[in-house]
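Visitor: Before we start, here is the structure in question, set down as structure tokens.
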Amino acid sequence: MTQTTFTFDAIGTTWTISVDLADRPQSSLRQLERDVRARIALFDRTYSRFRSDSWAIGLAGPPGTFRLPPDAYPLIEFYDRLHDATTGAVTPLIGQTMAALGYGPSLGLTEPAPPSWNDSLAYNHDTLSTRQPVHLDVGAAGKGYIVDLVHEMLIAAGSVTHFIDAGHDIRHHAHDGRMLDVGLENPRDVSQAVGITQIGNQSIAASSGALRHWGNYHHIIDPRTLASPTRVIATWAIADTAMVADGLATALFMVEPEALERFDFEYGVLDAGMTLTYSPGFPAQLFTESKS
């Protein structure tokens, strides 16, 4: 068995990937790392709203029909379901709002409120059609989705056990059922934890207003208020895939967990009073006041 760990920066965060493979030459492991980094770079070139050459940026131009990238349909379809469950509180069209509030290029779209999903676009497995320019931002679930795509690459390479940590989006895989301990970071002091949880062959995503902020805003904007939520200061979601965990961790800033009952997940929500509310199946040893 060969164990290796890759650590590198990509798409604005630090990645750590630890993987156990059947015996492989060192050159093969280096190639695997290059392949993983190239796949992440391709994802960034496709969906980044900060790159002038990305597919996503093209949607901000004249309306039309665009061929979906090969990996796009599961992500767009998940956003559709999440948008419906949250009655629009989570939308990939939030890029227009983020830019209007000072985070990223405006691309000429100055109206701060994001457009309506149903009025703006339609999609199928192959194409996406826009009825007006849209400023796509897949940040709520996109990082989780590329974690899932890297997970599939590691499985295809013969991984027996691995974990992927991309800036608090974690996916764990173990053939022997071993569990992975994950600290629940205190958003008011990132050197401390408010508790510890465990996952096994699952994903966990953490979201916090402390991660990226500017002015009076952080990286989560509620399109209904055009402001960053303040009642909730951190969330954690455990699900089978990192995409679902990532999207639901974002959604929990803006809607109650009951609104998301169509999804299979466990959660923890830390409010501004440092009380952690969590689901009955959230496996955590807690160091702070809590209620289930």
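The values are calculated or read from the model by the stated rules, or taken from the named source; none is laboratory data. Everything numeric in this text was worked out from a predicted model, so none of it was measured. Here the Cβ is made from the backbone with ideal geometry for all residues, glycine too, and neighbour counts use every protein chain on show.
Here's the yes/no breakdown for (1) crowded, with 21+ Cβ neighbours inside 10 Å; (2) without any contact (Cβ under 8 Å) to a residue 60 or more places away in the chain; (3) within 27 Å of Trp55 (Cα to Cα):
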position	(1), (2), (3)
Gly144	yes, no, yes
Ala166	yes, no, yes
Arg171	yes, no, yes
Ile196	no, no, no
Asn216	no, yes, no
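Visitor: Let me ask another. Is at least one residue of segment 153-165 in a strand (DSSP E or B) and small (Gly, Ala, Ser)?
Guide: The answer is yes; a qualifying residue exists.
Visitor: Kindly establish whether Thr16 is touching a residue at least 24 places away in the same chain (Cβ under 8 Å), in a strand (DSSP E or B) and not charged (D, E, K, R).
Guide: It is true that Thr16 is touching a residue at least 24 places away in the same chain (Cβ under 8 Å), in a strand (DSSP E or B) and not charged (D, E, K, R).
Visitor: Tally up the residues in segment 81-104 that are on the phi > 0 side of the Ramachandran plot, modelled with pLDDT of 90 or more and touching a Phe, Trp or Tyr at 6+ places or on another chain (Cβ under 9 Å), please.
Guide: 1
Visitor: Please find, among Leu276, Leu248, Leu260, Leu270, the residue that is in contact with a Lys or Arg (Cβ under 8 Å, 6 or more places away or on another chain), of a type in the set (A, V, I, L, M) and under 23 Å from His219 (Cβ atoms).
Guide: Only one candidate qualifies: Leu276.
Visitor: If only one of Ala205, Ala234 is within 30 Å of Arg24 (Cβ to Cβ), in a strand (DSSP E or B) and in contact with a strand residue (DSSP E or B) (Cβ under 6 Å, 6 or more places away or on another chain), which one is it?
Guide: Result of the check over Ala205, Ala234: Ala205.
Visitor: Ala272 is checked against (1) surrounded by fewer than 20 Cβ atoms within 10 Å (Cβ to Cβ); (2) hydrophobic (A, V, I, L, M, F, W, C); (3) modelled with pLDDT of 95 or more and fails just one. What number does that condition carry?
Guide: (3)
Visitor: Can you tell me which residue is nearest to Asp169 (Cα to Cα) among those in segment 246-256 that are surrounded by 24 or more Cβ atoms within 10 Å (Cβ to Cβ) and either among the charged types (D, E, K, R) or in contact with a Phe, Trp or Tyr (Cβ under 7 Å, 6 or more places away or on another chain) (or both)?
Guide: Only one residue tops the list, namely Asp246.
Visitor: Can you say whether Asp137 is touching a residue at least 24 places away in the same chain (Cβ under 8 Å), within 15 Å of Asp44 (Cα to Cα) and out of contact with any Asp or Glu (no Cβ under 9 Å at 6 or more places or on another chain), as far as the supplied structure shows?
Guide: In short, yes.
Visitor: I need the full set of residues from segment 173-189 which are assigned to a loop (DSSP other than H, G, I, E, B) and crowded, with 18+ Cβ neighbours inside 10 Å, in order please.
Guide: The one that is assigned to a loop (DSSP other than H, G, I, E, B) and crowded, with 18+ Cβ neighbours inside 10 Å: Pro187.
Visitor: Looking at segment 6-27 only, could you name the residues that are among the β-branched types (Val, Ile, Thr) and either over 19 Å from His173 (Cβ atoms) or surrounded by 12 or more Cβ atoms within 10 Å (Cβ to Cβ) (or both)?
Guide: Ile11, Thr13, Thr14, Thr16, Ile17, Val19
Visitor: When you scan segment 68-102, how many residues do you find that are over 19 Å from Glu256 (Cα atoms) and touching a helix residue (DSSP H, G or I) at 6+ places or on another chain (Cβ under 9 Å)?
Guide: Total meeting the criteria: 10.
Visitor: Would you mind stating whether Ala122 is farther than 27 Å from Ile40 by Cβ, surrounded by 18 or more Cβ atoms within 10 Å (Cβ to Cβ) and of a type in the set (A, V, I, L, M)?
Guide: no
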